[in-house]
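So the structure is just underneath, and the comments pick up after that.
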């Protein structure tokens with residue numbers, strides 16, 4: 001599609017990462033104002049035009065329309081996403097609602113003929129919901145991508161390439177430590193576990209875990225979609241992958257906020273976070289990548305979605321991969337519920 005022709009876009013959910021504001025420094029996107037929210041990112045992808053926005057809170061909706069009408073003069077606000085889909089007939093839909101409300105919106109959008117869906121993470125809060133979402137988009141030929149944003153950061157692709165070419169020998173272990181007030185499984189934890197799966201380059205085979213104190217009987221999901229972190233647990237967990245890689249996940253609200261992945265192989269190691277990556281071997285240590293903190297994945301995710309809509313294939317973050325991350329999270333919960341035991345995957349939610 002030519003840049004002179006726009007994809008019609010609608011957004012459901014206008015809090016936080018859904019909305020944002022037009023950047024004060026204009027379209028260049030330098031410095032701390034690099035686009036991150038869905039709306040701001042669409043404004044930096046010239047093939048797109050946001051024509052519909054939906055939220056249940058009138059004040060939030062009014063603010064969004066007020067902020068963005070100059071950018072998109074045809075923008076219209078809605079309280080009912082079904083009405084928005086029927087009237088606007090968007091090509092692309094961003095689903096930026098609470099975590100536990102993604103499924104019905106995605107299924108309805110696919111049935112309504114939306115061609116591309118950009119859904120926030122986690123894909124869902126139970127496997128049954130994830131499965132019906134995946135089935136709906138497959139049946140209708142709709143392209144779907146999940147906003148596990150680090151999958152679009154060049155630094156992680158460079159690390160994966162280094163490992164693949166044998167820079168540290170055979171990959172054996174991955175360790176992730178992070179903390180802070182949002183270090184909960186279904187909110188920021190999903191990003192960290194997804195990147196473990198991406199770097200391991202294999203399917204998780206079994207897990208076990210111990211949740212933070214106070215969440216010993218946490219099953220099933222009991223959160224409110226990510227708004228209140230007190231409703232969701234931190235966790236120490238173990239993931240065994242089919243290719244033999246073992247991963248250790250430590251995410252807790254009581255830990256220091258710093259996060260980073262350590263990959264250990266038979267001949268060396270890699271340390272990587274969002275900005276830096278270095279390789280260590282017997283020959284010494286070398287920096288392999290350094291990125292600015294402004295390197296955000298959201299505009300890249302939109303371009304990736306459009307690429308697959310036009311040319312076929314899979315996005316960098318397809319729903320099937322997001323389901324693996326969700327299954328690991330739910331496996332951690334199941335392990336705690338059943339006495340911190342090993343949980344073989346696939347997980348049968350009905351038996352927990």
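Things worth noting here:
- The conditions of being assigned by TED's automatic domain parsing to the domain that holds residue 163 and either in contact with a helix residue (DSSP H, G or I) (Cβ under 7 Å, 6 or more places away or on another chain) or in contact (Cβ under 8 Å) with a residue 12 or more places away in the chain (or both) are met by residue 250.
- Residues of the range 98-108 satisfying the condition of being in contact with a strand residue (DSSP E or B) (Cβ under 6 Å, 6 or more places away or on another chain) and either surrounded by fewer than 24 Cβ atoms within 10 Å (Cβ to Cβ) or touching a residue at least 40 places away in the same chain (Cβ under 8 Å) (or both): 105
- Residue that is surrounded by 14 or more Cβ atoms within 10 Å (Cβ to Cβ) and outside any loop (DSSP other than H, G, I, E, B), where the choices are 326, 287, 347: 326
- Each residue in the range 61-86 was checked for being surrounded by 14 or more Cβ atoms within 10 Å (Cβ to Cβ) and either out of contact with any helix residue (DSSP H, G or I) (no Cβ under 9 Å at 6 or more places or on another chain) or assigned to a loop (DSSP other than H, G, I, E, B) (or both), and 7 of them qualify.
- Qualifying residue in the range 291-311 (condition: in the same structural domain as residue 95 (by TED's automatic domain parsing), over 19 Å from the mean Cα position of the chain (by Cα), surrounded by fewer than 17 Cβ atoms within 10 Å (Cβ to Cβ) and modelled with pLDDT of 95 or more): yes
- Subset of the range 109-139 (residues that are more than 19 Å from residue 315 (Cβ to Cβ) and crowded, with 24+ Cβ neighbours inside 10 Å): 125
- If you check 246, 227 for being surrounded by fewer than 17 Cβ atoms within 10 Å (Cβ to Cβ) and under 19 Å from residue 327 (Cβ atoms), only one passes: 246.
- Only one of the listed residues (130, 124) is assigned to a loop (DSSP other than H, G, I, E, B), touching a residue at least 40 places away in the same chain (Cβ under 8 Å) and in contact with a helix residue (DSSP H, G or I) (Cβ under 6 Å, 6 or more places away or on another chain). That residue is 124.
- Single residue of the range 144-175 satisfying the filter (under 27 Å from residue 103 (Cβ atoms) and part of a strand (DSSP E or B)) that is nearest to the chain's Cα centre (by Cα): 146
The values are calculated or read from the model by the stated rules, or taken from the named source; none is laboratory data. The structure displayed is predicted, hence computed values, not measured ones. Using ideal geometry, Cβ is built from the backbone for each residue, glycine included, and neighbour counts are taken over all protein chains shown.
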